[in-house]
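Note sheet for the following structure.
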Amino acid sequence: MKQDICYKYKNNLYLNITNRCTMRCPYCIKYRWQWKYRGYNLRLKNEPAAEEIIRAIDSRLKGIKEAVFCGYGEPTLRLDVIKTVAAHLKKYSVFVRINTNGHGDMINGRNICPELKGLVDRVSISLNACNARDYYEMHKPVFGMKTFKGVVEFVKECRKYVPEVVITTVRLPGVDIKKCSEIARSLGAGFSARKYLQGYEKT
């Protein structure tokens, strides 16, 4: 089966650029949905080059509201690809969003937020815990106990360079939605509580 590196849903175009991730979340839908989504195969045999992604999206931009870097992996693992493709999208005045776990600075060993300025319009950062211990226990991040603090710092830096920064929290059992929303507010970020998807046919 061919791999799908981009797909449309409603008025958005989603860009599937990596399956790699810096977390191992037991609730992740990619394990329950067997890498499938609405008929698309999101399991990548090979990570697409920026040029391949650009070729795939150019014929699909008509009527698109947003282009979203997401997929079943952490997109900031491929920061150079994001920057190249986002710059191309900006030639067509496309609104660009990144869905991320907020590990981008730790992954790349530097503050990447200045590099997003002018290329990315919204960053949606997943945060499903209110403290370092709970975050580590829930996600098993490769960066250990320091990860929660790193995500918080990433939110702060994003606000300096990206017009819209939103913290998203999934309504999982045991997750304190109110406290997560308070963290978002304290950081000056927007907040969105998302439902826990059991099956894509219900979304």
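What Rg and what Dmax come out for the stretch 48-124 when only alpha-carbon atoms are used, in angstroms?
12.0, 37
Pairs of Cα atoms under 8 Å, at least six residues apart: use those to get the relative contact order of the stretch 6-202, whole percent.
Reported relative contact order: 20 percent.
What is the Cα centroid distance between the stretch 56-91 and the stretch 127-163, reported in whole angstrom?
24
Could you work out [θ]222 nm for the chain from helices alone, using -39500 (n - 2.57) per DSSP H run of at least four and dividing by all its residues? Round to the nearest 500 deg cm²/dmol.
For the chain, the value works out to -9000 deg cm²/dmol.
Taking N as the number of residues in the stretch 103-199, what is its alpha-carbon radius of gyration divided by 2.2 N^0.38 Å?
Relative to the rule-of-thumb radius for its length, the stretch 103-199 sits at 1.06.
Using a 10 Å cut-off on Cβ atoms, rank the peptides 43-53, 57-67 from the highest mean neighbour count down.
Peptide ranking by packing, descending: 43-53, 57-67.
What is the helix-to-structure angle for 79-90, meaning the angle in degrees between its Cα long axis and the longest Cα principal axis of the chain, kept from 0 to 90 and rounded to the nearest 10?
Once rounded, one gets 60 degrees.
So what's the convex hull volume per residue for the Cα atoms of the chain, in Å³?
Expressed per residue, the convex hull around the Cα atoms of the chain is 116 Å³.
Arrange the following residues from fewest to most other Cβ atoms within 10 Å of their Cβ: Arg185, Arg20, Arg122.
Arg185, Arg20, Arg122
Between Pro163, Pro173, Ile125, whose Cα lies farthest towards the positive end of the dipole of the chain when Lys and Arg beta carbons carry +1 and Asp and Glu beta carbons carry -1, centred on the Cα centre?
Pro173
For Gly118, what charge total do you get from the other residues with a beta carbon under 15 Å from its beta carbon, if Lys and Arg give +1 and Asp and Glu give -1?
Local net charge: +4.
Given Lys146/Lys179; Lys10/Lys91; Lys8/Lys178; Lys65/Lys149; Lys117/Lys179; Lys8/Lys140, which pairs have Cα atoms separated by over 26 Å?
Listed pairs above 26 Å: Lys8/Lys178; Lys65/Lys149; Lys117/Lys179; Lys8/Lys140.
In debye, nearest 20: dipole of the chain around its Cα centre with unit charges on the Cβ of K, R (+) and D, E (-)?
Taking the Cα centre of the chain as origin, the dipole is about 480 debye.
No value in this document is a laboratory result; all are computed from the given coordinates. Being a predicted model, the structure only gives us computed values, none of them experimental. Heads up, the Cβs are rebuilt from the backbone with ideal geometry, glycines too, and the neighbour counts pull from every protein chain shown.
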